1. I'm told A:Ala84 meets every condition in (1) without any contact (Cβ under 8 Å) to a residue 12 or more places away in the chain; (2) assigned to a helix (DSSP H, G or I); (3) in contact with a Phe, Trp or Tyr (Cβ under 9 Å, 6 or more places away or on another chain) except one. Can you identify the failing condition by its number?
2. May I ask you to list the residues in the stretch A:14-35 that are more than 10 Å from chain B (Cβ to nearest Cβ) and open to solvent by less than 40 Å² (accessible area, probe 1.4 Å)?
3. For the stretch A:60-88, which positions are away from every other protein chain (no Cβ under 14 Å), closer than 22 Å to B:Gly623 by Cβ and open to solvent by 60 Å² or more (accessible area, probe 1.4 Å)?
4. Checking the conditions here, which among B:Leu86, B:Leu81 is over 23 Å from the mean Cα position of the chain (by Cα) and open to solvent by 40 Å² or more (accessible area, probe 1.4 Å)?
5. Applying the selection to the stretch B:64-104, what residues are assigned to a helix (DSSP H, G or I) and touching a strand residue (DSSP E or B) at 6+ places or on another chain (Cβ under 6 Å)?
6. State all residues of the stretch A:46-102 that are out of contact with any helix residue (DSSP H, G or I) (no Cβ under 6 Å at 6 or more places or on another chain) and of a type in the set (S, T, N, Q); if no residue qualifies, say none.
7. Within the stretch B:380-393, count every residue that is under 29 Å from the mean Cα position of the chain (by Cα) and either buried (at least 24 other Cβ atoms within 10 Å of the Cβ) or of a type outside the set (Val, Ile, Thr) (or both).
8. Find the residue count for the stretch B:272-293, including only residues that are touching a residue at least 60 places away in the same chain (Cβ under 8 Å), assigned to a helix (DSSP H, G or I) and within 22 Å of B:Ser98 (Cβ to Cβ).
Amino acid sequence: MTTVPASWYVVLGILLFTIGALGVLVRRNLIIVFMAIELMLNAVNLVFVAFARQQQAMDGQVMVFFVMTVAAAEAAVGLAIILAVFRNRETVNADEVNLLRW
Amino acid sequence: MHEVQPAVVVENVTFLWWIPLLPALGVLFHIFLGRRVGKTAVSVVGPSVVAAAFIVSLVAFIRVWLGPPGLVLQQVLWSWLPVGSLDVRFALQVDALSAVMILVVTGVGFLIHLYSVVYMHDDPGYARYFAYLNLFTVAMLVLVMADNLLLLFVGWEGVGLCSYLLIGFWYDNDANASAGKKAFIVNRVGDAAFLVGIFWLFWSFGPGSHTFSFSEIAERGRQLSPAVVTGVTLLLFVGATGKSAQLPLYVWLPDAMAGPTPVSALIHAATMVTAGVYMIARLHALYELAPISLDVVATVGALTAVFAATIGLVQTDIKKVLAYSTISQLGYMFLAVGVGAFSAGIFHLLTHAFFKALLFLGSGSVIHAMGGEQDIRKMGGLRRYLPVTYATFLVGTLAIAGVPGFAGFFSKDMILARAYAEAPMLWGLALVGAGLTAFYMFRLFFLVFLGECRADAHTRAHLHESPRTMTIPLVVLAVLSVVGGYVGLPEFLAWGDRFSAFLAPAVGGSAHAGGHPHLALEVALMGASVFVALAGIAVAYRFYIQAPQTPQQLAARWRRAYQLLWNKYYVDELYAALFVRPIVQLAHVLWRQFDVAVVDGAVNGAGGVVQETGRWLRRWQTGNVQHYALSLLVGTLLLLGYFLGRG
């Protein structure tokens, strides 16, 4: 049985991470930015799992659980913030949320 | 180790601290409760704390008087400045000299407090006034009871502060505030020299323990080189010329008359201005080691005595005449201590405190009756309206003029006799001064109390004798102005010079030490001083009673001389041109060129640099989260590239 080499997962992880990072940088909609951040997190998760399997060690898998837990908490907080911003300013456009700017 | 001179017997007592403490409690009372408890309570507390201090002083005086010769009562309260080998104690002492001084300060002080109760009664700052007056009493008592030079300096500065506060007591008038400032600044000049003198003394004592007590100074002074002693004593004397209004630092005292009249009586006649004389008498052991300094003191004193008397000849403000007279009389005291007649100087200090306080309080009574008028040209004939003031003022005038039988005669004669023995030139000056004194004092007296009343009808209608509380101090001081002289009679009369004998252990060199002139000479000298005094009175009588037009004719004939005196020798103008204006201009230049340009420039420049840097840097703070995210990414990539590239 042929196994998929670890390097493919790594390449996929890099691609997903890059897409996520670019999403964070170029999109203006906060929800999209948020989703792009999730994408970056999951790209990292993928690489963790891939290396864990290659090394035959459980450390990476455990780390993924931690990341998922934090991501869930972060999603809750982040969405709440976005909701609050929307209620106050009726927009989720990052460029328009500039009250603290000089 | 505290070394004691052989002739001195130190006795430790525990009641001395009550003397300054009682007025100090009065100060606290007036400050914290004075406005709340009302004028009656202030009127009771203000004078009575001083009266209580007087009673304690009397106890101390009697202990010293009845005790063995050279008895010194001492109370060490605490160690004040224990620094290394320096251990200055907060210690009070009462020897014969201090005993006389505390009696004058609390006794005359009490009478003036009493007088003030009426004089200041309608003043809105009543409690403040008594707080200052009590504080002055505390400082003056510390000055005369201090057992070391540093504590003396504390009192010295304390009385200066109170003088400043009381001269500018009516501070809402700019002229009064300026007079206070002038007094303070002129005194600073003297006190700077005084401090340098103390430092030099400390420095020249070298290593070893320093208590700075007067006995230690007397002891160690002998080991110093004559040059150092001369320098130190001259610097201390410069301080005395400031405090005691001698040439060249006398200019503040005439202006100090801006204060309330009882203040002029207490501070600027009876007590504070005599601090310089006291200081020299206290440090007589040091001054006796420096003949040059003593000569300077005597010369400055004699010159001041004549100089101020000539200005006093033409003044028209009743208090200004008395102010110049005070400067002149202080000159006599310095002449006395300068020729080594320390007890004669203190004797004149004592009698002067009586008659000059009397004259000032009398003038206060006149000003009170005249509704604030101080110009003697607008007075005259007040004898009818103010009988008590008239009679007591006459006694004071006779006393200061040196008419035989009155206190001023004995003390002035003692000074003149010693001056003749030591320095005939200075004696001549002092004799001229005595004649001038008799003249200007009787001029004042005649213009105020005799002749026709020149006041306007309104003022005349309101003329009245002052109430009892004001006249009682006048009467007491008048009695003292007569009997005060009999403690120090010439040697050949009755009980002789008890005063000098009493002071001898404290100030050394009593009248007998310096080769006393023999009887015939002494009588001749006395005759000379009586003659000039009577001549002065006669001339004043001729000028102001018999032929009142004479002064104007003389003034017209010697126009320049009259102008010179009228303008007080232009000394104020001279000082303004020499010192005040250059310093003000220098201050102006420093303000504009240094303070504004350099200091403010540096501070504002620092702010400007930060502001400009911030203006440039804030472009990076767009407030856009994604820009920050981009810079994070770029930074991460750069770090990653660096570490990977390094291998």
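The values are calculated or read from the model by the stated rules, or taken from the named source; none is laboratory data. Just so you know, these numbers come straight off a predicted model, no measurement behind them. As a convention, Cβ positions derive from the backbone with ideal geometry for all residues, glycine included, and neighbour counts pool all protein chains shown. Accessible surface is based on the protein model in full, side chains and every heavy atom, while ligands, DNA and RNA are left aside. Shrake-Rupley method; radii C 1.70, N 1.55, O 1.52, S 1.80 Å.
1. (3)
2. The answer is A:Gly20, A:Gly23, A:Phe34.
3. Within the stretch A:60-88, A:Val77, A:Leu83, A:Phe86, A:Arg87, A:Asn88 qualify.
4. It is B:Leu81.
5. Scanning the stretch B:64-104 gives a single hit, B:Val64.
6. Result: A:Gln55, A:Gln56, A:Thr69, A:Asn88, A:Thr91, A:Asn93, A:Asn98.
7. So the count comes out to 5.
8. Residues flagged as touching a residue at least 60 places away in the same chain (Cβ under 8 Å), assigned to a helix (DSSP H, G or I) and within 22 Å of B:Ser98 (Cβ to Cβ) within the stretch B:272-293 amount to 13.
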